[in-house]
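Chemist: Got a structure for you, questions after.
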Amino acid sequence: MGQTLLQKVWNLHTVRKLPTGQDQLFVGLHLVHEVTSPQAFDMLRSRGIQVKFPERTYATVDHIVPTGNQARPFADELAEQMMVSLESNCKEFGIRLSDLNSEQQGIVHVIGPELGLTQPGITIACGDSHTSTHGAFGAVAFGIGTSQVRDVLASQCLAIDPLKVRRIMVNGVLEPGVYAKDVILEIISRLGVHGGVGYAYEYAGEVLDQMTMDERMTICNMSIEGGARVGYVNPDETTFRYIEGRPFSPTGDAFLAAKAWWTSMSSDPDAIYNDVVVIDGGKIEPRVTWGINPGQSVGITEHIPVPEEFNNPERSSVGEALDFMDFDAGTPIAGQKVDVAFIGSCTNSRLSDLREAAAIVGGQKVSSHVKALVVPGSKSVSRAAEDEGLDEIFREAGFEWRGAGCSMCLAMNPDRLEGREICASSSNRNFKGRQGSPTGRTLLMSPAMVAAAAITGEVTDVRKMV
Amino acid sequence: MSATRHIDRIHGSGIVLRGGNIDTDRIIPARFLKSVTFEGLGDHVFEDDRIAMSDHPFSDSRYSQAKLLLVNENFGSGSSREHAPQALKRWGIIGCIGESFSEIFQGNSLAIGLVCVTVSHNEVAWLMDHVEQNPSAPLELSVSDLTVLADDQMFKVEMPEPSRHALLNGHWDATGLLLDRFEEVQAVSRELPYIDGFVGTGS
């Protein structure tokens with residue numbers, strides 16, 4: 001009987017069934033960053049435990065790094081303390097670290113793939129919920145909390161319950177001006193923000209087959225916003241071409257052996273899924289969130305919802321969202337004014353995202369009332385973008401061009417909204433207070449849509465500008 | 001390895017947070033993650049919600065001794081920050097009773113011994129009304145029996161069986177269990193072809 005990729009990878013990595021009934025799962029790659037690791041390392045020290053597989057562990061700094069002035073020590077003493085903590089922990093426990101002096105530093109879910117660490121058929125864990133991003137390569141990748149980070153450091157294993165699999169097929173062809181971000185916003189809108197709890201999402205179909213790795217990463221990245229801890233795409237030639245030649249990729253005969261093994265990990269044609277959903281990609285519009293969770297989005301030609309269209313309990317949460325966002329029910333989402341435009345985050349900060357946004361900017365200028373910034377996902381993306389002159393395009397238009405980091409996605413660094421500012425953002429969460437001001441407001445959209453909003457000063461249908 | 005306590009019957013008064021999809025950014029805003037320890041997180045639980053709403057239950061003195069939190073669906077959604085259940089626990093919460101929880105929040109809660117159980121929408125509604133009418137009313141939750149007792153009303157609760165086993169047997173802090181028979185971990189790793197870079201071994 002055929003198996004899904006999830007089942008194959010899970011079975012290969014299961015050490016044993018624990019007395020609790022959970023599975024003990026070996027973690028092929030453990031990615032570490034500065035926010036969710038200090039307490040985990042402390043717990044190791046206090047229990048007298050060493051890191052068992054330092055060679056399967058890789059660290060970077062991203063959440064707290066300033067994207068402007070990166071001189072050490074940081075002005076923010078707490079941030080500086082976290083940097084020092086990670087540096088000394090990595091040294092003590094023998095873990096490789098791409099720190100700010102490294103040419104490889106960047107957002108953890110951008111650099112893992114860049115380095116060729118992320119590969120098909122492996123399990124990946126990181127103390128960050130967007131670890132699902134790496135599933136784009138056909139890995140089984142999940143976000144974990146600090147105590148689980150401790151477990152992985154101590155044993156290279158997790159105690160975890162197996163997942164069901166929902167196959168989401170996106171068929172047809174995306175319209176010009178419609179991107180991977182719109183596809184995942186559509187999926188979350190349809191299936192709900194907790195539709196995926198207990199599931200891994202397997203993304204497939206004609207649209208996914210045609211997508212680049214960057215696009216697949218955008219989709220897998222936001223699986224967790226739909227409640228699915230794991231999201232993946234079966235590996236194919238696109239995947240192998242991306243990995244080949246990267247620092248941690250196998251080479252020569254080993255690469256050939258790897259490709260054969262990676263291919264064998266794909267879901268079998270007769271695999272059995274717990275659920276299958278089919279979506280017509282040709283009908284997807286550019287999408288924008290209007291509310292306070294990533295499921296609350298509409299197509300660009302649609303209207304902000306009216307609470308009365310919903311039954312309770314949803315009706316009161318729609319009302320609460322509209323109050324917070326200060327939106328009038330039933331008005332078009334297009335034309336809503338924005339104050340800030342942010343292109344960045346582990347969802348959309350790769351070279352192709354910057355190219356798409358730069359293409360929309362053309363030679364135009366950022367609207368006079370908008371503060372706009374572009375934050376490349378890694379130093380590597382930044383260099384490549386500069387080689388192509390993308391930074392010039394953005395700067396001349398009036399965008400700030402910043403250093404790599406998580407930036408305004410979650411504002412644990414100096415980049416944050418002020419007061420009631422409303423931000424057109426290529427990030428992944430629009431929760432209350434997410435971008436650093438308790439009363440700040442977020443509209444999630446694709447990087448091209450952010451560029452369009454930056455130019456016009458309001459939410460705009462980017463299809464008119466492609 | 002640390003010895004871990006077995007968790008079964010927990011009791012105390014309740015506190016109610018109405019509304020679905022309460023995410024972890026609200027439970028503990030990101031600025032409080034800038035810390036190398038979990039100390040002091042209890043003081044900042046729901047900080048921005050409490051500033052916005054002066055009569056927030058976590059600011060209400062009638063609930064200041066509460067131990068059991070009542071919530072609706074998809075509690076703890078969003079970011080994987082363990083700081084969220086840590087903040088709740090350090091404030092004084094020892095158990096959550098809700099319609100549903102985010103998977104990562106539920107896993108993180110188990111890892112620190114914070115009990116999460118689910119009941120139906122109507123049962124949560126009854127419990128919420130009950131606690132709001134009488135804030136000091138005692139609630140008793142049994143992990144072994146999977147019940148919650150409020151006055152003379154008893155409800156069946158649910159939790160994943162492995163979580164229940166872990167709480168009852170003190171394995172909710174999983175490190176020791178994962179290190180037991182570590183040679184089996186090493187054996188599995190040797191069978192994975194990517195461990196040596198596909199150079200020779202593996203199937």
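Chemist: Checking the condition in contact (Cβ under 8 Å) with a residue 12 or more places away in the chain and within 14 Å of chain B (Cβ to nearest Cβ), which residue from A:ASN348, A:ASN293 passes?
Modeler: A:ASN293
Chemist: Kindly state which strands (runs of 3 or more DSSP E) lie completely within the stretch A:376-466 and contain at least 1 residues that are more than 21 Å from A:GLY177 (Cβ to Cβ) and without any contact (Cβ under 8 Å) to a residue 40 or more places away in the chain.
Modeler: A:399-401
Chemist: Still on this model: Can A:PHE26 be described as of a type in the set (Phe, Trp, Tyr), out of contact with any strand residue (DSSP E or B) (no Cβ under 7 Å at 6 or more places or on another chain) and outside the structural domain of A:TYR232 (by TED's automatic domain parsing)?
Modeler: Criteria not met by A:PHE26.
Chemist: Okay, moving on. Name the one entry in A:THR251, A:THR218 that is more than 14 Å from every other protein chain (Cβ to nearest Cβ) and more than 23 Å from A:TRP10 (Cα to Cα).
Modeler: From the options A:THR251, A:THR218, the qualifying one is A:THR218.
Chemist: So, one more: Only one residue in B:LEU141, B:LEU146 is more than 10 Å from chain A (Cβ to nearest Cβ), modelled with pLDDT of 95 or more and buried (at least 23 other Cβ atoms within 10 Å of the Cβ), so which one is that?
Modeler: Sole residue among the options that is more than 10 Å from chain A (Cβ to nearest Cβ), modelled with pLDDT of 95 or more and buried (at least 23 other Cβ atoms within 10 Å of the Cβ): B:LEU141.
Chemist: Please state which of the following conditions A:GLY227 fails to meet, knowing it meets all the rest: (1) within 21 Å of A:ILE107 (Cβ to Cβ); (2) under 15 Å from the mean Cα position of the chain (by Cα); (3) not polar (S, T, N, Q).
Modeler: The failed condition is (1).
Chemist: Moving to a separate point now. Restricting to the stretch B:19-53, and then to whatever is more than 9 Å from chain A (Cβ to nearest Cβ) and within 26 Å of B:HIS130 (Cα to Cα), can you tell me which residue is surrounded by the most Cβ atoms within 10 Å (Cβ to Cβ)?
Modeler: Checking each candidate, the answer is B:ILE27.
Chemist: To continue, here is another question. All but one of (1) within 12 Å of the chain's Cα centre (by Cα); (2) farther than 25 Å from B:ALA150 by Cα; (3) of a type in the set (A, V, I, L, M, F, W, C); (4) part of a loop (DSSP other than H, G, I, E, B) hold for B:PHE38; which doesn't?
Modeler: Only one criterion in (1) within 12 Å of the chain's Cα centre (by Cα); (2) farther than 25 Å from B:ALA150 by Cα; (3) of a type in the set (A, V, I, L, M, F, W, C); (4) part of a loop (DSSP other than H, G, I, E, B) is unmet by B:PHE38, namely (1).
Chemist: Also: Quick one: A:LYS464 ticks every box in (1) basic (Lys, Arg); (2) at the interface with another protein chain (Cβ under 10 Å from one of its Cβ atoms); (3) over 17 Å from A:GLU186 (Cα atoms) except a single one, so which number is it?
Modeler: Against the list (1) basic (Lys, Arg); (2) at the interface with another protein chain (Cβ under 10 Å from one of its Cβ atoms); (3) over 17 Å from A:GLU186 (Cα atoms), A:LYS464 comes up short only on (2).
Chemist: Same structure, new question: How about the stretch A:175-203: which of its residues are part of a strand (DSSP E or B), free of Cβ contacts under 8 Å to residues at least 60 places away in the same chain and either charged (D, E, K, R) or surrounded by fewer than 24 Cβ atoms within 10 Å (Cβ to Cβ) (or both)?
Modeler: None; the set is empty.
Chemist: Which one of B:SER109, B:SER100 is at pLDDT 95 or above and touching a His at 6+ places or on another chain (Cβ under 7 Å)?
Modeler: B:SER100
Chemist: Please list, ordered by first then second residue, the pairs with beta carbon atoms under 8 Å, 6 or more apart or interchain, first in the stretch A:314-325 and among the aromatic types (Phe, Trp, Tyr), second modelled with pLDDT of 90 or more and surrounded by 15 or more Cβ atoms within 10 Å (Cβ to Cβ).
Modeler: Between residues of the stretch A:314-325 that are among the aromatic types (Phe, Trp, Tyr) and residues that are modelled with pLDDT of 90 or more and surrounded by 15 or more Cβ atoms within 10 Å (Cβ to Cβ), the close pairs are A:PHE324/A:ILE292; A:PHE324/A:LYS432; A:PHE324/A:ARG441.
Chemist: Checking A:PHE431 against (1) more than 26 Å from A:ILE64 (Cα to Cα); (2) touching a helix residue (DSSP H, G or I) at 6+ places or on another chain (Cβ under 6 Å), which single condition isn't satisfied?
Modeler: The single condition A:PHE431 does not satisfy is (1).
Chemist: Looking at A:ALA125, A:ALA136, which one is under 17 Å from A:GLU244 (Cβ atoms), of a type outside the set (Ser, Thr, Tyr) and crowded, with 24+ Cβ neighbours inside 10 Å?
Modeler: A:ALA136
Chemist: Also, I was wondering about something else. Residues that are buried (at least 18 other Cβ atoms within 10 Å of the Cβ): list the strands (runs of 3 or more DSSP E) wholly contained in the stretch A:1-55 that include at least 3 such residues.
Modeler: It comes to A:23-26, A:29-32.
Chemist: Based on what the data block shows, is B:ILE97 in a loop (DSSP other than H, G, I, E, B), under 30 Å from B:MET154 (Cα atoms) and either outside the structural domain of B:VAL148 (by TED's automatic domain parsing) or under 17 Å from the mean Cα position of the chain (by Cα) (or both)?
Modeler: no
Chemist: Give the residue that is nearest to A:GLU244 (Cα to Cα), with candidates limited to residues of the stretch A:260-305 that are of a type in the set (S, T, N, Q) and buried (at least 16 other Cβ atoms within 10 Å of the Cβ).
Modeler: The residue in question is A:THR263.
Chemist: With the requirement that a residue be more than 7 Å from chain A (Cβ to nearest Cβ) and either without any contact (Cβ under 8 Å) to a residue 24 or more places away in the chain or over 26 Å from A:ALA139 (Cα atoms) (or both), what does the stretch B:153-168 give you?
Modeler: If the condition is that a residue be more than 7 Å from chain A (Cβ to nearest Cβ) and either without any contact (Cβ under 8 Å) to a residue 24 or more places away in the chain or over 26 Å from A:ALA139 (Cα atoms) (or both), then B:GLN153, B:MET154, B:PHE155, B:LYS156, B:VAL157, B:GLU158, B:MET159, B:ARG164, B:LEU167, B:LEU168 are the ones that fit.
Chemist: Condition check: closer than 19 Å to A:ALA451 by Cα, surrounded by fewer than 23 Cβ atoms within 10 Å (Cβ to Cβ), of a type in the set (Val, Ile, Thr) and modelled with pLDDT of 95 or more. Does A:THR347 satisfy that?
Modeler: no
Chemist: Looking at (1) under 23 Å from A:ILE279 (Cα atoms); (2) facing chain B (nearest Cβ under 9 Å), which is the one condition that is false for A:ASP161?
Modeler: All conditions are met except number (1).
Chemist: If a residue must be over 24 Å from A:PHE41 (Cβ atoms), modelled with pLDDT of 95 or more and facing chain A (nearest Cβ under 8 Å), how many such residues does the stretch B:175-186 contain?
Modeler: Total meeting the criteria: 1.
Chemist: May I pose another question? Exactly one of (1) within 18 Å of A:PRO54 (Cα to Cα); (2) crowded, with 24+ Cβ neighbours inside 10 Å; (3) in contact (Cβ under 8 Å) with a residue 40 or more places away in the chain; (4) more than 13 Å from the chain's Cα centre (by Cα) is unmet by A:GLN148. Its number?
Modeler: Tallying (1) within 18 Å of A:PRO54 (Cα to Cα); (2) crowded, with 24+ Cβ neighbours inside 10 Å; (3) in contact (Cβ under 8 Å) with a residue 40 or more places away in the chain; (4) more than 13 Å from the chain's Cα centre (by Cα), A:GLN148 fails exactly one: (3).
The values are calculated or read from the model by the stated rules, or taken from the named source; none is laboratory data. All of these numbers come straight from a predicted model, not from anything done at the bench. Don't worry about glycine lacking a Cβ; one is built from the backbone with ideal geometry, like all the others, and counts go over all protein chains shown.
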